[in-house]
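First comes the structure, then the notes that go with it.
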Amino acid sequence: MESYWKSVLSAESSRAAYQSAVTARNQQLGAFLEFDPERGAAVSAEHCLEAVNRGQRAGDNPPDSALATVERLPFAVKDNIAVDTFSLTCGSRMLERFRSPYSATAVARLCAAGATVVGKTNMDEFGMGSATENSALAQTHNPFDRSRVAGGSSGGSAVAVAAGMVPFALGSDTGGSIRQPAAFCGVYGLKPTYGSVSRYGLVAYASSLEGIGVLASSVDLTEAVFQVMRGQDEMDHSSLATPAELVGASSVAQTGTRVGVLTGDLGLDDQVAAGYQRSIEVLQQLGYRFERVELPTLEYCVPAYYTIAAAEASANLARYNGVRYGLRPDYAENPEELVRAAREQGFGPEVKLRILLGTYVLRSGFQDQYYLRAQKIRTAIRNDLTRIFQSVDLLFMPVFPVQAFGHGAEGLSPFQQKLADRFTSTANLSGLPALALPMGLENGLPLGMQLMAPAFHEHRLFQVARVLEEELPPPVPPQYPPLWQSHTVPE
Ligand code: GLN
């Protein structure tokens, strides 16, 4: 064990030193809900290898370079993704004492490649939120300015990476939950093509929109982790193998890439608007060809997203009834009261709001009015994007209309936060891959933009991101330099 940590951590560091440094940073930032590298090292190797062979097609075999990149790296996992014997709280009182009896396929594939889970990260309860302020269990702060939020819902994972505690972390993205905190904290955040990474072991919020992805400190690492995790899995029937013609597609820079940018008033604040403009100029100087594109359905993304997400959440969360698992009240007169008390005590206000909203849009006789309409909008959004990707190779967009905002009343109201999901929810409604990239600092805070590509064309995202990384390396918060040796493979 000791030699493992020596090889991973910077020169004279030891596991004990790493552990105490992470613990100290965590006290300031609240990234981890559980931090236990010993436990992670004990996750059964046999069990992990089994997940690799469970339905993965030959075309999905990760390249040797990807396996070598992740080997021996410590990583963190959002607390709605199962890791054997670790907590799986989903940031909720409901599951505060729950321990996972198995590992998610994505986690197991990384462990089989030699990476080690070091802990579980804080999140908005069940993934519902944009600031990690809806966690019932801890407060998370932005490492660039602790009076500001980290973004959400994968806020803990973004902070663990940005504050140098781990080189990469897993998150989930239902409407922007990987990309938005990545943008707020200055790291890379990939939301892969729907189905390309198995959802087995991801606690469901809105199943048709979400997936597991990665937050990392470099483009190489983001790509390597994705390549190790992706591929079909017989435990998730919506998982898909990489199409044969795209297996091994190169992510080496190509000239002549056509990039679409959005026109019109995008409702960005001054800093983000200036940052978007500046990023476009940087790309132009690098030789990318730009095309202005119209996305008329953009304004319908948020209502469609929240209608569908709430509807699916109200069904998915029905299982937390205090009987099979979840919080069980000390006393109840009868089964009905038991369920009522468990849900009343176990769920926070945002979760209750969405269950109510979901039940409302799904109630009989009214589905035409809300849910089916939202599905039609979803199809229109998909068609819009299909049309756009006939004339451009990639789409370049903001992630969020503002940078990291303040905590509580200093920040955005829950309603404003929802409205601000318009740029990210597009990729979830359409199932397309998108990558948030750090584009330097503006007023001392990270600024993030995103690239979106056609399904299974993640390699295009990495292609451009790699070129931009040379120009604009990710910012490092001055107080939190990385605790591990740079992400090259340790000797
Ligand atoms: N902010 C969005 C929501 O609250 C996104 C959440 C997510 O991607 N999990 O639903």
- Can you confirm whether region 176-186 contains a residue that is open to solvent by less than 10 Å² (accessible area, probe 1.4 Å), away from the ligand (no atom under 13 Å from the Cβ) and not in a loop (DSSP other than H, G, I, E, B)? yes
- Residues in region 293-350 that are among the hydrophobic types (A, V, I, L, M, F, W, C), in contact with an Asp or Glu (Cβ under 9 Å, 6 or more places away or on another chain) and not in a helix (DSSP H, G or I): how many? 3
- Query: From the set of residues in region 315-372 that are exposed (fewer than 15 other Cβ atoms within 10 Å of the Cβ) and acidic (Asp, Glu), which is nearest to the ligand (Cβ to nearest atom)?
  - Reply: Glu344
- Message: Restricting to region 159-175, name every residue that is in contact with an Asp or Glu (Cβ under 8 Å, 6 or more places away or on another chain) and not in a loop (DSSP other than H, G, I, E, B).
- Response: Ser172, Asp173
- Query: Of all the residues that make up region 147-156, how many are buried (at least 24 other Cβ atoms within 10 Å of the Cβ), of a type in the set (S, T, N, Q) and more than 12 Å from the ligand (Cβ to nearest atom)?
  - Reply: 0
- Item | Residue count for region 112-146, restricted to those that are out of contact with any strand residue (DSSP E or B) (no Cβ under 6 Å at 6 or more places or on another chain), assigned to a loop (DSSP other than H, G, I, E, B) and near the ligand (Cβ under 10 Å from one of its atoms) | 6
- Filtered residue count, region 301-314, keeping only those that are more than 12 Å from Ile355 (Cα to Cα), surrounded by fewer than 23 Cβ atoms within 10 Å (Cβ to Cβ) and within 12 Å of the ligand (Cβ to nearest atom): 1
- What do you reckon, is Glu458 open to solvent by 30 Å² or more (accessible area, probe 1.4 Å) and modelled with pLDDT of 95 or more? no
- Do we find a residue being more than 12 Å from the ligand (Cβ to nearest atom), in a loop (DSSP other than H, G, I, E, B), in contact with a His (Cβ under 9 Å, 6 or more places away or on another chain) and open to solvent by 10 Å² or more (accessible area, probe 1.4 Å) anywhere in region 211-219? yes
- Note: among Ala455, Ala409, Ala404, just one is part of a loop (DSSP other than H, G, I, E, B), among the hydrophobic types (A, V, I, L, M, F, W, C) and away from the ligand (no atom under 15 Å from the Cβ), namely Ala455
- Can you pull out the residues in region 413-430 that are of a type outside the set (Phe, Trp, Tyr), away from the ligand (no atom under 11 Å from the Cβ) and more than 17 Å from the chain's Cα centre (by Cα)? Ser413, Gln416
- Task: Name the residue, out of Ala374, Ala332, that is under 20 Å from Gly127 (Cβ atoms) and among the hydrophobic types (A, V, I, L, M, F, W, C).
- Result: Ala374
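The values are calculated or read from the model by the stated rules, or taken from the named source; none is laboratory data. Not measured: the values here are computed from a predicted model. Virtual Cβ from ideal backbone geometry, glycine too; neighbours counted across all protein chains shown. Side chains are part of the model used for accessible areas, which takes the heavy atoms of the whole protein and leaves out ligands, DNA and RNA. Shrake-Rupley method; radii C 1.70, N 1.55, O 1.52, S 1.80 Å.
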